[in-house]
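The values are calculated or read from the model by the stated rules, or taken from the named source; none is laboratory data. All values reported here derive from a predicted model rather than from experimental measurement. Cβ placement follows ideal geometry from the backbone for every residue including glycine, while neighbour counts extend to all protein chains displayed. For accessibility, only protein heavy atoms count, side chains too; no ligands or nucleic acids. Shrake-Rupley method; radii C 1.70, N 1.55, O 1.52, S 1.80 Å.
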Amino acid sequence: MVGLVGEPRTVFDDDPSARFIASAVTETLVRRDAHDELTPRLAESVPTLENGGLRVVTDAADAPDGRLEATFRLREAKWQDGEPITAADVRFAWQQDKAGPPGTQARWTADRIFDVQVVTARDVRVLYRNGERWDDYALGPHVMPSHRLAQATAEQRTAYAREPVHAGAFAMAAWLPGSITLSANQNYVLGTPKLGRLEIHFFPTRAAALQALLRGDIDIAPWPVLEADLAKTLDRFADGTRLLAQYVPTEAATVLRFGSDPARFGDQLVRKAIELAIDRQSIVDDVFVGRARVPRTYLVPPQWAAEEDVPVVRPDRDRARAMLAEAGFAKGQFGIIERNGERMIATVDVPAGSSARTDVARRVAGDLAAIGIAAEVRERALPDLLAEVQGGHFDLAITSEEAADPQLASERWAGLVDPWFDALAGLAAQAPDRMEKRAIYGEMETIWTSALPALPLFQELRVDVAPPGLAGIQPTPSGAALSWNAYEWSFSTR
């Protein structure tokens with residue numbers, strides 16, 4: 001019995017509840033495991049230079065700067081309707097993503113690939129972009145059932161999004177308002193799941209999900225149903241006797257983004273003053289009971305490219321006030337600083353629905369008040385907030401920034417840091433190995449912290465709550481849905 005917050009419209013929505021369902025009912029060629037290592041799923045193995053499945057091609061006419069080519073051999077697997085999964089399904093999935101809207105992660109991933117070639121029914125060759133040495137190359141290709149979708153009408157595709165037939169460990173059995181039943185896929189490629197079904201219940205709020213967990217109505221509350229700000233509460237009842245809370249640092253950070261208005265938060269002195277004013281360690285200690293950590297840059301451990309040698313900035317409000325004075329600000333009415341007759345009054349936008357982030361936003365506003373910046377906290381629907389951030393129409397915004405893929409994470413900051421940062425991002429994408437990439441990313445992180453387009457507030461902690469007798473629960477630092485290995489879950493006692 002699984003509890004989720006919010007009922008998605010489809011299995012493929014960009015929503016945590018949808019991702020949990022999708023991870024259980026779909027399968028891909030390669031995934032990241034609980035140790036952040038690549039592990040084969042529909043593919044027999046992960047193509048590497050060592051096993052000959054991956055190679056660097058330098059003599060292709062359409063890739064003068066060289067490119068990666070990976071050959072994947074599919075296992076003898078079937079879709080949930082019994083049809084065989086073939087290399088043509090890999091090519092079909094890439095073509096669908098390539099035709100998708102720009103700005104999505106699916107489209108970004110598809111754009112890393114130049115071509116997908118069907119070699120045999122079970123062998124597929126993936127040609128990557130000219131000049132790039134993408135570290136997550138094995139995560140790029142995936143499958144979609146071409147026999148169901150290639151000729152499907154818009155109406156049929158809409159129905160499929162609600163009840164997909166894919167290759168995951170569990171299949172859609174019933175979707176009723178407020179709940180979903182998933183049944184074990186007896187022909188799952190990695191073996192029959194140990195659980196017979198998953199019953200998923202949707203709750204309107206995390207408070208309702210928490211109460212259901214306490215009553216024993218649900219067994220599992222996967223991240224982000226509950227957040228690490230509930231650590232004090234979780235420590236009281238999820239102590240390992242009836243329930244167990246697992247905390248895992250993710251490769252993501254919550255940051256305070258600065259608007260680009262040069263008269264306000266586009267001024268680097270203002271940004272640096274705010275960095276000195278906000279007591280981030282206090283936020284971590286008070287809101288997350290010390291379990292989270294203050295990130296140093298936009299990349300965070302255990303991500304392999306994260307740089308730990310960047311100096312930690314300690315709070316110093318006297319220096320912050322001196323910086324603001326250097327920038328031309330003076331104390332005005334009610335202690336609010338002003339420059340050229342404009343008072344420093346701002347709005348801190350924060351996604352609605354997360355009490356942890358709202359609490360953090362209020363703490364940020366309090367620290368800003370100490371240096372004369374009057375900030376009002378405003379909760380916004382996440383799509384509206386992201387649209388404003390994308391358009392640059394905001395003062396301050398608290399957002400979540402994923403960094404599991406350093407290349408994608410770096411591209412999100414393109415044009416917001418420094419021209420040299422953008423140039424280095426291109427070099428990092430072309431670098432042949434992690435050692436060289438890490439050196440480049442280290443320089444980029446130094447540049448990023450100097451320009452400070454955002455202030456990292458805290459590394460995000462995932463907290464997953466389940467009974468200690470449920471074996472196989474393996475949260476991942478990459479932020480993958482907890483159901484990524486649901487086929488391995490089993491109750492030792494019930």
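Consider region 359-370 and keep the residues that are touching a residue at least 40 places away in the same chain (Cβ under 8 Å) and over 24 Å from the mean Cα position of the chain (by Cα). The one that is least open to solvent (accessible area, probe 1.4 Å) is Leu368.
Restricting to region 308-338, name every residue that is in contact with a strand residue (DSSP E or B) (Cβ under 7 Å, 6 or more places away or on another chain) and exposed (fewer than 11 other Cβ atoms within 10 Å of the Cβ). Correct list: Ala330 only.
Quick one: would you say Val289 is on the phi > 0 side of the Ramachandran plot and touching a helix residue (DSSP H, G or I) at 6+ places or on another chain (Cβ under 6 Å)? Judged against the criteria, Val289 is a match.
For region 411-432, the set of residues classified as touching a residue at least 40 places away in the same chain (Cβ under 8 Å) and farther than 22 Å from Ala273 by Cα consists of Glu411, Ala429, Gln430, Ala431, Pro432, listed by residue number.
Tell me yes or no: at least one residue of region 191-202 is at pLDDT below 95 and touching a strand residue (DSSP E or B) at 6+ places or on another chain (Cβ under 8 Å).
no
Here region 219-263 is the region considered, the condition is being closer than 19 Å to Pro351 by Cβ and modelled with pLDDT under 85, and the residue that is least open to solvent (accessible area, probe 1.4 Å) is Ala228. Residue pairs whose Cβ atoms lie under 6 Å apart, separated by 6 or more positions or on different chains, with the first residue in region 146-162 and small (Gly, Ala, Ser) and the second part of a loop (DSSP other than H, G, I, E, B) and surrounded by 15 or more Cβ atoms within 10 Å (Cβ to Cβ), are Ala161/Thr10; Ala161/Phe12.
Restricting to region 339-348, give me the number of residues that are open to solvent by 50 Å² or more (accessible area, probe 1.4 Å) and either closer than 25 Å to Val255 by Cβ or at pLDDT 95 or above (or both).
Counting residues in region 339-348 that are open to solvent by 50 Å² or more (accessible area, probe 1.4 Å) and either closer than 25 Å to Val255 by Cβ or at pLDDT 95 or above (or both) gives 1.
Answer yes if at least one residue in region 472-487 is more than 23 Å from the chain's Cα centre (by Cα) and open to solvent by 30 Å² or more (accessible area, probe 1.4 Å), and no otherwise. Among the residues of region 472-487, not one is more than 23 Å from the chain's Cα centre (by Cα) and open to solvent by 30 Å² or more (accessible area, probe 1.4 Å), which makes the answer no. When you scan region 160-179, do you find a residue that is on the phi > 0 side of the Ramachandran plot and in contact with a strand residue (DSSP E or B) (Cβ under 9 Å, 6 or more places away or on another chain), even just one? Scanning region 160-179 turns up at least one residue that is on the phi > 0 side of the Ramachandran plot and in contact with a strand residue (DSSP E or B) (Cβ under 9 Å, 6 or more places away or on another chain). Among the residues of region 468-482, those identified as more than 16 Å from Pro193 (Cβ to Cβ) and polar (S, T, N, Q) are Thr476, Ser478. Do we find that Arg75 is in contact with a strand residue (DSSP E or B) (Cβ under 8 Å, 6 or more places away or on another chain) and among the charged types (D, E, K, R) in this structure? Yes: the conditions hold for Arg75. Scanning region 264-284 finds one or more residues that are of a type in the set (Gly, Ala, Ser), part of a helix (DSSP H, G or I), under 22 Å from Pro453 (Cα atoms) and open to solvent by less than 10 Å² (accessible area, probe 1.4 Å). Filtered by the rule that a residue be over 22 Å from the mean Cα position of the chain (by Cα) and buried (at least 20 other Cβ atoms within 10 Å of the Cβ), region 202-218 gives Phe203, Ala209, Leu210, Leu213, Ile218.
Within the span defined as region 427-446, one or more residues are of a type in the set (D, E, K, R), in contact with a helix residue (DSSP H, G or I) (Cβ under 6 Å, 6 or more places away or on another chain) and open to solvent by less than 20 Å² (accessible area, probe 1.4 Å). Is at least one residue of region 371-387 within 19 Å of the chain's Cα centre (by Cα), open to solvent by less than 60 Å² (accessible area, probe 1.4 Å) and farther than 22 Å from Thr297 by Cα? Yes, there is a match, as at least one residue in region 371-387 is within 19 Å of the chain's Cα centre (by Cα), open to solvent by less than 60 Å² (accessible area, probe 1.4 Å) and farther than 22 Å from Thr297 by Cα. The listed residues are Glu488, Glu445, and the only one of them that is among the charged types (D, E, K, R) and farther than 28 Å from Glu307 by Cα turns out to be Glu488. Is one or more of the residues making up region 180-192 within 25 Å of the chain's Cα centre (by Cα) and either over 18 Å from Gly472 (Cα atoms) or in contact (Cβ under 8 Å) with a residue 24 or more places away in the chain (or both)? Checked against the condition, which is being within 25 Å of the chain's Cα centre (by Cα) and either over 18 Å from Gly472 (Cα atoms) or in contact (Cβ under 8 Å) with a residue 24 or more places away in the chain (or both), region 180-192 yields at least one hit.
Scanning region 285-294 for residues that are in contact with a strand residue (DSSP E or B) (Cβ under 7 Å, 6 or more places away or on another chain), open to solvent by 30 Å² or more (accessible area, probe 1.4 Å) and farther than 22 Å from Ala451 by Cα turns up just one, Arg291.
Taking the conditions exactly as written (at pLDDT below 95, closer than 23 Å to Ala231 by Cβ and among the aliphatic types (A, V, I, L, M)), does Val310 satisfy them or not? No; evaluated as a whole, the condition is false for this residue.
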